[in-house]
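Coordinate-derived values only; no laboratory data. What you see is a predicted model; the values in this text were computed from it and never measured. Cβ atoms come from the backbone with ideal geometry, glycine included; neighbour counts cover every protein chain shown.
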Amino acid sequence: MLRRCFIPQRSLHIRPMSLEPYTSERQAELIANYNRVLGDVQTTERARPQSLTHPVRLLAVSKLKPASDIQALYDHGVRDFGENYVQEMIAKAAVLPKDIRWHFIGGLQTNKCKDLATNIENLYAVQTIDSLKKAKKLNDTREGHGPKINVFLQINTSREEQKSGILPEAKDEIKAIVEYLSKDATNVQLAGLMTIGSFEKSHSTGENPEFKTLFDLKTEIDNEFGTKLELSMGMSADYIEAINQGTSYVRVGTDIFGSRPPKK
Ligand SMILES: *Cc1c(COP(=O)(O)O)cnc(C)c1O
């Protein structure tokens, strides 16, 4: 396979990542896991409330997993992958195929927006924008470095202190970002809203009030701005409920790749 030469910016200390070949056993395991999750996603999608008609997409969350795992699923036809750490994502994107759709889903500091925007041409989405400043930074630094990035606003629906995201009641702040993204931004575009459910709510049954908060916020913004926002909610523990409550993306890591090593 032809690989483009990777020249990271001088300010970036990216340890080059090697792409080891995957074993056929590992690929078979990953494909079986992926297909099982995809089957559950599709079954749930078909049985959703009839008012929900948009497609549901499965995002394979590969953080802390080797690039060879991603290549194994890529060779099976998977294109959407989610990553949490800027440097890890840049290093993986450099050695993996250029038609992967990379979704950044990790905590993002303003001073890392430029690294993301300039080092990954095929960066498809950043799902964790939680300030106007970050939206602008991503937009301004993307100029000349690739197609428009799809932006999701991260909403802290569980109101947990350790979680990033804008509080759902901060309507002025949310609307200011929506307005900027739909009117002034040139290198990024508004795609939707994202949330991470609390551990407690994602491990209990029945309707998840945090997912409802995100859906209601989407409805309010769609009505006011004429948008058709997508939603990104649901992980291994709660993606079935997220589909029933109107999500467009589920982000699944553990159920596809297995448990993760601790982050160093
Ligand atoms: C790690 C992560 C996921 C995947 O979580 P699993 O429980 O392993 O499926 C999804 N979304 C975000 C934001 C994550 O950080």
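So here's what we get for this one:
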| quantity | calculated |
| --- | --- |
| Selection from Ala67, Ile31, His54 lying farthest towards where the dipole of the stretch 30-84 points positive, charges on Cβ | His54 |
| The chain, dipole about Cα centre (Lys/Arg Cβ +1, Asp/Glu Cβ -1), debye to the nearest 20 | 900 debye |
| Karplus 3J(HN,Hα) series, Hz, for the stretch 103-110 with 6.51 cos²θ - 1.76 cosθ + 1.60 (x for Gly, Pro) | 10, 8, 10, x, x, 10, 8, 4 |
| Candidate aspartates and glutamates - alpha carbon under 19 Å from Lys148, same-chain residues fewer than 8 apart omitted | Asp80, Glu83, Asp99, Asp115, Glu121, Asp130, Asp140, Glu179, Asp184, Glu230 |
| Long-range amide H partners of Arg101 with built H, under 5 Å | Asp80, Phe81 |
| Using alpha carbons only: equivalent-ellipsoid semi-axes of the chain, gyration tensor based, whole Å | 28, 25, 16 |
| Given Lys98/Lys175; Lys112/Lys175; Lys98/Lys228; Lys171/Lys212, the pairs whose alpha carbons are separated by over 26 Å | Lys98/Lys175; Lys98/Lys228 |
| Magnitude of the charge dipole, the stretch 212-264, Cβ model with Lys/Arg +1 and Asp/Glu -1, debye to 20 | 460 debye |
| Which of Thr254, Thr118, Thr53 has the fewest Cβ neighbours within 10 Å, and the rest in rising order | Thr53, Thr254, Thr118 |
| Sum of side-chain charges, Thr247 neighbourhood, beta-carbon under 11 Å (Lys, Arg +1; Asp, Glu -1) | 0 |
| Dipole moment magnitude, nearest 20 debye, the stretch 184-236 about Cα centre, only Lys, Arg, Asp, Glu C-beta charged | 160 debye |
| Computed P(r) (all Cα pairs; the stretch 5-139; 10 Å bins; percent) | 11, 37, 31, 17, 3, 0 |
| Cβ-derived FRET efficiency at R0 41 Å, Glu220 paired with His145, nearest 0.05 | 0.80 |
| Among Asn187, Thr219, Leu153 - extreme Cα towards positive end, dipole of the stretch 139-230, charges at beta-carbon | Asn187 |
| Pairwise centroid distance, computed over Cα atoms, of the stretch 182-255 with the stretch 134-159, Å | 16 Å |
| Max mean-square fluctuation residue, GNM over the chain, Cα-Cα springs under 10 Å, options Lys136, Lys92, Lys228 | Lys228 |
| Positive-end extreme of charge dipole, the stretch 25-180 - chosen from Gln109, Val95, Val78 (charges on Cβ) | Gln109 |
| CD proxy at 222 nm, helix term only [per DSSP H run n ≥ 4: -39500 (n - 2.57); per residue of the chain; nearest 500] | -11000 deg cm²/dmol |
